[in-house]
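Colleague: To start, I am sharing the structure in question, which I have written as structure tokens.
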């Protein structure tokens with residue numbers, strides 16, 4: 001299913017992705033909500049599911065935020081209008097939501113974070129704000145008016161008091177009303193304000209965008225084991241300087257060169273992204289990746305119990321190939337493999353489901369058999 005309406009994927013990536021917003025009318029014609037409002041509220045009653053209520057005119061002040069799990073009495077106590085329910089990672093609990101995300105894989109799958117669903121009563125809103133990541137806003141039911149404003153940053157002024165970041169100053173530049181099936185794309189940092197017109201539901205497809213600090217910390221952690229005591233600051237090009245106490249620009253340039261060299265290995269940088277971007281959203285709930293003690297015969301027997309298999313809803317896969325070989329990333333872990341494993345890893349990471357016999361035939365060497373055994377017995381791939 002093509003979800004960009006009249007836009008070709010190449011055109012969207014060239015002209016809009018991380019550059020400017022675009023409204024796509026009838027991105028998914030005839031779209032029907034994947035679950036009813038009361039079913040969404042039912043998810044918010046569960047202990048394991050992250051949810052929030054945002055009440056514009058709350059008892060504790062404007063833009064009051066309550067965190068789930070909720071009870072039925074919590075809902076009975078809500079005002080008639082101007083409140084919003086947000087439920088995160090619905091794709092991990094509703095198979096149809098996970099299937100919807102498959103249609104956004106024109107962006108690398110390791111960048112996709114989750115599908116959040118919001119239900120709002122008339123006038124419901126989470127206020128003018130901005131996100132630090134890309135988002136597609138798919139209207140699922142009812143109507144929502146979207147106002148788009150200025151670009152923002154951490155320096156932008158926010159209101160004091162509310163526990164959500166509400167912009168103190170919002171300058172509206174564009175305004176649209178979305179109908180079911182319409183979709184709005186917003187790049188990071190662009191302020192926006194969505195207001196429900198009557199009851200409505202909106203699906204937010206969000207993406208992972210780790211900060212430079214997170215990436216640098218992980219890259220250093222990855223690089224440290226590769227460095228030895230022989231890797232040291234040096235200044236063979238040193239010349240006489242006017243003040244012996246000054247740390248010169250040349251000294252800073254030498255340090256920069258040393259650090260760049262330490263972090264320049266493509267395999268190291270791929271591992272940094274691979275491990276960070278495949279960490280489970282909720283580690284305490286997700287299956288963990290570990291080496292299984294089961295043998296290949298047990299793996300084949302387990303796989304043959306079902307014709308079709310799929311990734312566990314909370315499993316995250318990615319892979320890389322470079323001059324030194326291939327690597328598979330899962331739940332923040334890395335498995336190094338020969339370059340010949342590339343085709344099998346492509347199937348594992350790119351396909352939404354797997355034929356059991358095809359898996360058995362494709363994972364035909366010792367390294368791949370060991371990997372597949374771990375995925376099966378750690379419940380990272382599961383029968384359909």
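The values are calculated or read from the model by the stated rules, or taken from the named source; none is laboratory data. What you see is a predicted model, and the numbers here were worked out from it, not measured in a lab. Don't worry about glycine lacking a Cβ; one is built from the backbone with ideal geometry, like all the others, and counts go over all protein chains shown.
For every residue, the table says whether it meets (1) in contact with a strand residue (DSSP E or B) (Cβ under 7 Å, 6 or more places away or on another chain); (2) closer than 28 Å to residue 209 by Cα; (3) not in a helix (DSSP H, G or I).
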residue: 236; (1), (2), (3): no, no, yes
residue: 243; (1), (2), (3): no, no, yes
residue: 246; (1), (2), (3): no, no, yes
residue: 253; (1), (2), (3): no, no, no
residue: 256; (1), (2), (3): no, yes, no
residue: 259; (1), (2), (3): no, yes, no
residue: 272; (1), (2), (3): no, yes, no
residue: 276; (1), (2), (3): no, yes, no
residue: 287; (1), (2), (3): no, yes, yes
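Colleague: Can you tell me which residue among 142, 124, 149 is touching a strand residue (DSSP E or B) at 6+ places or on another chain (Cβ under 6 Å) and in a loop (DSSP other than H, G, I, E, B)?
Modeller: Details: 142 fails: in a loop (DSSP other than H, G, I, E, B); 149 fails: in a loop (DSSP other than H, G, I, E, B).
Residue meeting the stated conditions: 124.
Colleague: Consider residue 302 carefully, then state whether it is in contact with a helix residue (DSSP H, G or I) (Cβ under 7 Å, 6 or more places away or on another chain), assigned to a loop (DSSP other than H, G, I, E, B) and more than 27 Å from residue 218 (Cβ to Cβ). Let's see the steps before the verdict.
Modeller: Working: in contact with a helix residue (DSSP H, G or I) (Cβ under 7 Å, 6 or more places away or on another chain): yes; assigned to a loop (DSSP other than H, G, I, E, B): no; more than 27 Å from residue 218 (Cβ to Cβ): yes.
No, not satisfied.
Colleague: For segment 152-163, give me each residue that is surrounded by fewer than 18 Cβ atoms within 10 Å (Cβ to Cβ), in contact with a strand residue (DSSP E or B) (Cβ under 8 Å, 6 or more places away or on another chain) and free of Cβ contacts under 8 Å to residues at least 24 places away in the same chain.
Modeller: Once the filter is applied, which keeps residues that are surrounded by fewer than 18 Cβ atoms within 10 Å (Cβ to Cβ), in contact with a strand residue (DSSP E or B) (Cβ under 8 Å, 6 or more places away or on another chain) and free of Cβ contacts under 8 Å to residues at least 24 places away in the same chain, segment 152-163 yields only 157.
Colleague: Please list, ordered by first then second residue, the pairs with beta carbon atoms under 6 Å, 6 or more apart or interchain, first in segment 363-384 and assigned by TED's automatic domain parsing to the domain that holds residue 342 and under 17 Å from residue 353 (Cα atoms), second assigned to a helix (DSSP H, G or I) and modelled with pLDDT under 95.
Modeller: Close Cβ pairs satisfying both conditions: none exist.
Colleague: Shifting gears a bit: So which of 114, 91 ends up being assigned by TED's automatic domain parsing to the domain that holds residue 53, assigned to a helix (DSSP H, G or I) and at pLDDT 95 or above?
Modeller: Working: 114 fails: assigned to a helix (DSSP H, G or I).
Of 114, 91, the one residue that is assigned by TED's automatic domain parsing to the domain that holds residue 53, assigned to a helix (DSSP H, G or I) and at pLDDT 95 or above is 91.
Colleague: Considering only residues that are within 13 Å of residue 119 (Cα to Cα), outside any loop (DSSP other than H, G, I, E, B) and in contact (Cβ under 8 Å) with a residue 40 or more places away in the chain, look in segment 53-83 and name the one that is farthest from the chain's Cα centre (by Cα).
Modeller: In this case the residue turns out to be 83.
Colleague: I've got another one for you. In this structure, does residue 293 turn out to be out of contact with any helix residue (DSSP H, G or I) (no Cβ under 8 Å at 6 or more places or on another chain), assigned to a loop (DSSP other than H, G, I, E, B), free of Cβ contacts under 8 Å to residues at least 12 places away in the same chain and farther than 24 Å from residue 264 by Cα? Lay out the reasoning, then the answer.
Modeller: Details: out of contact with any helix residue (DSSP H, G or I) (no Cβ under 8 Å at 6 or more places or on another chain): yes; assigned to a loop (DSSP other than H, G, I, E, B): yes; free of Cβ contacts under 8 Å to residues at least 12 places away in the same chain: yes; farther than 24 Å from residue 264 by Cα: yes.
In short, yes.
Colleague: For segment 6-52, give me each residue that is under 26 Å from residue 151 (Cβ atoms), in contact (Cβ under 8 Å) with a residue 60 or more places away in the chain and not in a helix (DSSP H, G or I).
Modeller: Answer for segment 6-52, where residues must be under 26 Å from residue 151 (Cβ atoms), in contact (Cβ under 8 Å) with a residue 60 or more places away in the chain and not in a helix (DSSP H, G or I): 16, 17, 18, 19, 20, 21, 22, 23, 24, 25, 27.
Colleague: Return the residue satisfying two criteria in turn: it lies in segment 135-145 and is crowded, with 19+ Cβ neighbours inside 10 Å and free of Cβ contacts under 8 Å to residues at least 60 places away in the same chain, and of such residues it is farthest from residue 19 (Cα to Cα).
Modeller: Going through the qualifying residues, I end up with 142.
Residues checked against (1) part of a helix (DSSP H, G or I); (2) surrounded by 15 or more Cβ atoms within 10 Å (Cβ to Cβ):
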{"site": "334", "(1), (2)": "no, yes"}
{"site": "340", "(1), (2)": "yes, no"}
{"site": "348", "(1), (2)": "yes, yes"}
{"site": "354", "(1), (2)": "no, yes"}
{"site": "357", "(1), (2)": "yes, no"}
{"site": "360", "(1), (2)": "yes, yes"}
{"site": "364", "(1), (2)": "no, no"}
{"site": "370", "(1), (2)": "yes, yes"}
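Colleague: Among the residues of segment 305-347, count how many are out of contact with any strand residue (DSSP E or B) (no Cβ under 8 Å at 6 or more places or on another chain) and within 26 Å of residue 285 (Cβ to Cβ).
Modeller: So the answer is 5.
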